[in-house]
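**Q** Below you'll find the structure I mean.
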Amino acid sequence: MSYPLLDRILSPADLRRLERESLPQLADELRAFLLESVSKTGGHLSSNLGTVELTVALHYVFDTPADRLVWDVGHQTYPHKVLTGRRNGMDRLRMKDGVSGFPRRNESDYDTFGVGHSSTSISAALGMAVAARNKGEDRRVVAIIGDGAMSAGQAFEALNNAGVIDANLLVVLNDNDMSISPPVGALNKYLARLLSGGTFNAARRAGEKMLAAIPNALEFANRVEEHVKGMISPGTLFEEFGFNYIGPIDGHDLDALVPTLQNLRKLNGPQFLHVITKKGQGYKLAEVDPILYHGVSKFDAVNGIEQGKAGGKPTYTQIFGDWLCDQAKADSRLIGITPAMREGSGMVRYANEFPQRFFDVGIAEQHAVTFAGGLACEGMKPVVAIYSTFLQRAYDQLIHDIALQNLPVVFAIDRGGLVGADGATHNGAFDLSYLTCIPNLVVMTPSDESECRRMLSTAYMLDCPTAVRYPRGTGPGAAVTPDLATLPVGKAEIRRQGKRVALLAFGSMLTPALKAAEALDATVANMRFVKPLDAELVRQLASEHELLVTLEENALIGGAGAEVARVLDDAGLGTPLQRLGLPDHFVDHGDTNLLLAELGLDAAGIERSVIARLGVAANS
């Protein structure tokens, strides 16, 4: 395709040299480029198509990177990356050594704050605004946050703090799904310009000075203004936080966005702009089904994503979703909870079949966990479906509100280990480390699909907090039966008997361990439980082998291997122990299999490590 205007934009400085009348054409070209690009690489599509005009307007009005743009989550920043000199790198988006799918400070000066988890933008932007004020720097700071991210507590904590701090901060609420979306026509455009303009704000300041001399008059006038604005806009809440609320305006109308942002850039203090956008804007298929086109693999941009193809192994996420429905049929006490990840956690079918027992609490992980605790106190059996990386956000609640009280809450932890294209912000690299140290908590790591289902049933039957941690995608393809069979708690199994070396595999590492064991003639144990660990088997293997090797797709520090080391130390056993797992650095984005191979966690890497440790081949 041809992109005559976009070809001229190597940086936002080039964008700011364009006539304002050219911006709609640039937005059209940018949207077309994104569709062409993402259809070839995969990535987040709907959200990025929806922020094209907003991104163009922000870089056109603000002097980036001197002025700071702080994006929330990062799902909507592909237009930002294209306009800030990374267009040529978009053909390797989310691939190893390629452009990240999220803002990263070490990738560009225009990425002012690294993100990936939601609801951090206002806090970070406020910190930058206060720093600019204290250093005497004349710069503007803008936080761009979506309506979903606005549901999290941290966003409101930041708003509450920002409203009482004298710093120049603009919060832009990109609203594409909220029910408070009034008409966005000419009247709203006019009101936005009026309320953000210099004349209105100068008049307001003059009026405040005059009324301040009259007892109670200023307070009365402020209340009148508040209620008048509240009748024509939903901004009363944000005004109560201390922000000057503007909007809502059409986030796809550059003739509304640009002058409003130009006016807001001149104002001091906390400002709030509410814009209405449409996910998938400009691509009809994504407009109709923005969820399907939220995160996509490669697809035909003309014909769209093909759905309903038969065949293929079920993912661990699907295994969980099917189990949840079957367990719910067997026990009416089951309550399913997710923090805004119904589709990602495999709960769509459950939500449809058991709507009264399904709760999507929004992007509120802390609330999700404590909410589950309250349900458990009253005899319910809550199951919290959550990604490993997002459970980190509710660690205090997990310890204090669940484990300390020994409440029977099941945590179905998806995306344990490396996740591939989403990279360091989404890797489940730490859960075995941060879970195993918590008293009362049982921690399980399934090695295949059948074991995953049986572990979920086991967790549900226990009268204590439990965690079943499974990886993204598919497993080795083990047949799954529809029953609700359980496993003996804390018991591992020997999957192969060998000599000299014993490979102790946790979860996803069993498959490469079995393959490596053929070359090494090693014993392989499927450990299943990280806590309680099968200490008896560990001691037995230590007495029968020259070397124990633990394998885990988790950080080595404090992980499953560390638990094995503790058992050996407690028993006074001096059998050498080699621990293989994720290194002490953040693993970047890229193909998961390629990354695991580079880290030595594939079969060939395991074999090399063992041979290097022994000095000779294990089977010699």
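The values are calculated or read from the model by the stated rules, or taken from the named source; none is laboratory data. Every value quoted in this text rests on a predicted model; they were computed, and no experiment measured them. When we count neighbours, we look across all protein chains shown, and the Cβ atoms used for this are built from the backbone with ideal geometry, even at glycine. Ligands, DNA and RNA are excluded from the accessible area calculation, which covers all protein heavy atoms including side chains. Shrake-Rupley method; radii C 1.70, N 1.55, O 1.52, S 1.80 Å.
**Q** Would you calculate a helix-derived [θ] at 222 nm for the chain, using -39,500 (n - 2.57) for each DSSP H run of n ≥ 4 and dividing by the full residue count, to the nearest 500?
**A** -11500 deg cm²/dmol
**Q** Can you tell me the length gained on complete extension of the stretch ASP28 to ASN268, counting 0.36 nm per residue apart and subtracting the Cα distance?
**A** Taking ASP28 through ASN268 to full extension adds about 83.1 nm, to one decimal.
**Q** Just the number please: accessible area per residue for the chain, 1.4 Å probe, all protein chains included, in Å².
**A** Heavy-atom accessible area per residue stands at 41 Å².
**Q** Within the chain, what is the longest stretch that has no trypsin sites (Lys or Arg not before Pro) placed in a DSSP loop and near at most 12 other beta-carbon atoms within 10 Å?
**A** 310-620
**Q** Here is a further query. If contacts are Cα pairs under 8 angstrom and at least 6 residues apart, what is the relative contact order of the range 473-543 in percent?
**A** Result for the range 473-543 is 37 percent.
**Q** Still on this model: Scan around VAL172 for amide H atoms under 5 Å from its own, H built in the peptide plane at 1.01 Å from N, and keep only partners 5 or more places away or cross-chain.
**A** Sorted by chain and number, the residues that satisfy this are ALA143, ILE144, ILE145, LEU273.
**Q** Something else now. May I ask you to list the GluC sites (Glu not before Pro) in the range 16-73 that are in a DSSP loop and have at most 12 other Cβ atoms within 10 Å of their Cβ?
**A** Sites meeting the loop and neighbour criteria: GLU19.
**Q** Please list, in order, the residues from the range 53-78 whose amide nitrogen is less than 20 Å from a point placed 7 Å along the Cα→Cβ vector of ALA13.
**A** What the label zone holds, given the 20 Å backbone N cut-off, is 56-69.
**Q** Run the quick spin-label model on ASN440 and GLN318: label points 7 Å from Cα toward the beta carbon, then report their separation in nm to one decimal.
**A** It works out to 3.7 nm between the two label points.
**Q** Over what distance in Å are the Cα centres of the range 506-521 and the range 114-159 separated?
**A** 46 Å
**Q** While we're on this one: What pairs from LYS284/LYS313; LYS491/LYS531; LYS381/LYS491; LYS81/LYS298 go past 22 Å between their alpha carbons?
**A** In this structure, LYS284/LYS313; LYS381/LYS491 exceed 22 Å between Cα atoms.
**Q** Continuing with this model, one more query. Roughly how far apart, in whole Å, are the Cα centres of the range 308-386 and the range 461-503?
**A** First find each Cα centre; the distance between them is then 21 Å.
**Q** Leaving out ligands, DNA and RNA, and with a 1.4 Å probe, what % of the accessible surface on the chain is carbon or sulfur?
**A** 53 percent
**Q** Work out from phi, with θ = phi - 60° and the Karplus expression 6.51 cos²θ - 1.76 cosθ + 1.60, the ³J(HN,Hα) of each residue of the range 435-448, listed in order in whole Hz, and give x for Gly and Pro.
**A** Result, rounded to whole Hz: 8, 5, 7, 8, x, 6, 8, 9, 10, 10, 9, x, 9, 7.
**Q** Here's a follow-up. Considering Cα pairs under 8 angstrom that are at least six residues apart, work out the relative contact order of the range 302-418 and quote it in whole percent.
**A** Answer for the range 302-418 is 25 percent.
**Q** Further question on the same structure: For THR474 paired with LYS329, estimate the spin-label separation in nm (one decimal), with each label point 7 Å from Cα along the Cα-to-Cβ line.
**A** Roughly 2.5 nm, to one decimal.
**Q** Go through the range 321-338 residue by residue and turn each phi into a ³J(HN,Hα) via Karplus (6.51, -1.76, 1.60, θ = phi - 60°); whole Hz please, and just put x for glycine and proline.
**A** Working through the residues one at a time gives x, 5, 4, 4, 5, 5, 5, 5, 5, 7, 8, 6, 7, 5, 10, x, 10, 9 Hz.
**Q** Sticking with this one: So in the chain, what percent of DSSP beta bridges are antiparallel if you round to the nearest 5?
**A** Just about 15 percent of them are antiparallel.
**Q** Further question: Taking only C-alpha pairs under 8 Å that are 6+ residues apart, what is the relative contact order of the chain in percent?
**A** About 11 percent, as a whole number.
**Q** Using the alpha-carbon centroid of each, what span in Å lies between the range 560-606 and the range 4-65?
**A** 44 Å
**Q** Tell me whether the range 272-329 comes out rounded, prolate or oblate; compute the Cα gyration tensor, take square roots of the eigenvalues as a ≥ b ≥ c, and use a/c under 1.5 as the rounded threshold.
**A** oblate
**Q** Hey, can you grab everything whose amide H is under 5 Å from the amide H of GLN578? Only 5+ residues off in sequence or another chain; H modelled, so Pro and N-termini drop out.
**A** The list, which skips near neighbours in sequence, is LEU548, VAL549, THR550.
**Q** Further, regarding this structure: Which value, to two decimals, describes the C-alpha radius of gyration of the chain once divided by 2.2 N^0.38 Å?
**A** Rg over 2.2 N^0.38 Å, computed on Cα atoms: 1.08.
**Q** Something else: Go through the range 377-451 and name the GluC sites (Glu not before Pro) that are in a DSSP coil and have 15 or fewer other Cβ atoms within 10 Å of their Cβ.
**A** When the GluC sites (Glu not before Pro) of the range 377-451 are filtered for loop state and at most 15 Cβ neighbours within 10 Å, GLU378 remain.
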